[in-house]
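The structure under discussion appears below in the form of structure tokens.
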Amino acid sequence: MLIVMHHHATAEQIEAVKTNVEAMGLRAEPIPGSMRTAIGVLDNQGYVDDSTIRELPGVREVIHVSKPYKLVSRDFHPQGTVVDVAGVKIGDGEKAVMMAGPCSIETAEQMHTAAQQVQAAGGHILRGGAFKPRTGPHSFQGLGVAGLKLLSDAGRAVGLPVVTEVMRIEQLDVICEHADLLQIGARNMQNFDLLKEVGKLNHPVLLKRGLSATIEEFLAAAEYIVAEGNSQVILCERGIRTFEKATRNTLDLSVVPLIRSMSHLPIIVDPSHATGMRPLVPVMARAALVAGAHGLMVEMHPEPEKALCDGAQSLDPQAFEKLMVDLVRIEAFLEELGD
Ligand code: PEP
Ligand code: MN
């Protein structure tokens, strides 16, 4: 960290900053310049909270050299992490993984049909929400624990691992009994207590990007999980909130190559929540693979027009089947390119 002083800062002010830094157990090294003095902060093991220092008289700005994350960064771990979801591998060098299924679990029949359709088309992981983070309290909130059982039964029947969202710490025990991959939704990306708890588990975690989270905040959230000992984390870009209203969110595809360069964790893309529009889902799914995504999460419902949640963005089984055929061809093409 570098503390830059104002050009009119007094020797006393510089000394006061030095004393403050040292009180934090760190070393302060003033570097006098022709215009102003900068103070280098040394011996820090990671990100330093600069809130007190920034307010001291004479301080112009504080420049951070280290990031609020370390364990998830490529500098720390150059080799890409491969996450294993009950035998399905996601990450560097592995084939792209497709997670698909309805937004929410509705009935046993719906889940069994969806599971068969996902599996038959070549999908790898079955999704379905039992605890739904709906914007309004009057919308369908999910079947809860009863839904979890329908999901795991359907997954087992076709031999696919299952992923579902966890919203609260108290749900973890029962969700771990039924799910192979724990999803932390966009709204909970900064629920730090929940992140710490899943960090203590052996289950892999799918962490979705917050509605308006920067890349730094996204990676810092993943750091919470990894810092507790669980390095089986998959990141998921699902669109961010912008001024644009034509789409549900704005798909930030550039984060895929960027995060791949910054972090060793695998990253997948959810074009369903990113666009909110069925016709856009296949093309953005294809674009995500070309951008380097390690996989996709797509909503598919046996009868989207009857879906209790997110029907407008859910693919029907035929469109999903076509997408899977296209993705195999795109992967072969990317391999040919050597990417
Ligand atoms: C979901 O995947 O069901 C979901 C609610 O997604 P997000 O948290 O990205 O909105
Ligand atoms: Mn949904």
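Could you check segment 196-217 and list, in sequence order, the residues that are within 13 Å of ligand 1 (Cβ to nearest atom) and touching a residue at least 40 places away in the same chain (Cβ under 8 Å)?
Listed by number, the residues that qualify are Leu206, Lys208, Arg209.
Among the residues of segment 20-60, how many are touching a Lys or Arg at 6+ places or on another chain (Cβ under 8 Å), surrounded by 12 or more Cβ atoms within 10 Å (Cβ to Cβ) and not in a loop (DSSP other than H, G, I, E, B)?
Total satisfying the criteria: 6.
For Ala120, all conditions in the list (1) at positive phi; (2) more than 16 Å from ligand 1 (Cβ to nearest atom) hold save one; what is the number of the exception?
(1)
Taking Ile169 as the residue in question, decide whether it is surrounded by fewer than 19 Cβ atoms within 10 Å (Cβ to Cβ) and assigned by TED's automatic domain parsing to the domain that holds Val290.
For Ile169, the condition - surrounded by fewer than 19 Cβ atoms within 10 Å (Cβ to Cβ) and assigned by TED's automatic domain parsing to the domain that holds Val290 - is met.
For Glu336, work out the one condition from (1) under 19 Å from Gly129 (Cβ atoms); (2) free of Cβ contacts under 8 Å to residues at least 40 places away in the same chain; (3) not basic (Lys, Arg) it doesn't fulfil.
(1)
Thr81: away from ligand 1 (no atom under 16 Å from the Cβ) and β-branched (Val, Ile, Thr), yes or no?
Answer is yes for this residue.
Is there a residue in segment 263-274 that is touching a Pro at 6+ places or on another chain (Cβ under 6 Å) and within 16 Å of ligand 2 (Cβ to nearest atom)?
The answer is no; no qualifying residue exists.
Answer yes or no: is there a residue in segment 233-242 that is part of a helix (DSSP H, G or I) and either free of Cβ contacts under 8 Å to residues at least 24 places away in the same chain or in contact with a Pro (Cβ under 8 Å, 6 or more places away or on another chain) (or both).
no
Report yes if Glu170 is touching a residue at least 40 places away in the same chain (Cβ under 8 Å) and acidic (Asp, Glu), otherwise no.
Here the answer is no, as Glu170 does not meet what is asked.
Scan (1) out of contact with any Cys (no Cβ under 6 Å at 6 or more places or on another chain); (2) touching a residue at least 60 places away in the same chain (Cβ under 8 Å); (3) over 20 Å from Pro68 (Cβ atoms) for the single condition Ile268 breaks and write down its number.
That leaves (1) as the condition not met.
For the condition out of contact with any strand residue (DSSP E or B) (no Cβ under 6 Å at 6 or more places or on another chain) and closer than 30 Å to Leu182 by Cβ, what is the one hit in Gly33, Gly25, Gly87, Gly91?
Gly87
Tally the residues that are part of a helix (DSSP H, G or I) and modelled with pLDDT under 95, restricting the search to segment 93-120.
Total meeting the criteria: 0.
What pairs come up if the first residue lies in segment 299-313 and is in the same structural domain as Leu143 (by TED's automatic domain parsing), the second is of a type in the set (Phe, Trp, Tyr), and their beta carbons are under 7 Å apart, counting only those six or more places apart or on different chains?
Here the result reads Met300/Phe320; Leu308/Phe140; Cys309/Phe140, each pair linking segment 299-313 to a residue that is of a type in the set (Phe, Trp, Tyr).
The values are calculated or read from the model by the stated rules, or taken from the named source; none is laboratory data. In this text, all values refer to a predicted model and were calculated from it rather than measured experimentally. Glycine gets a Cβ as well: all are built from the backbone with ideal geometry, and neighbour counts include every protein chain shown.
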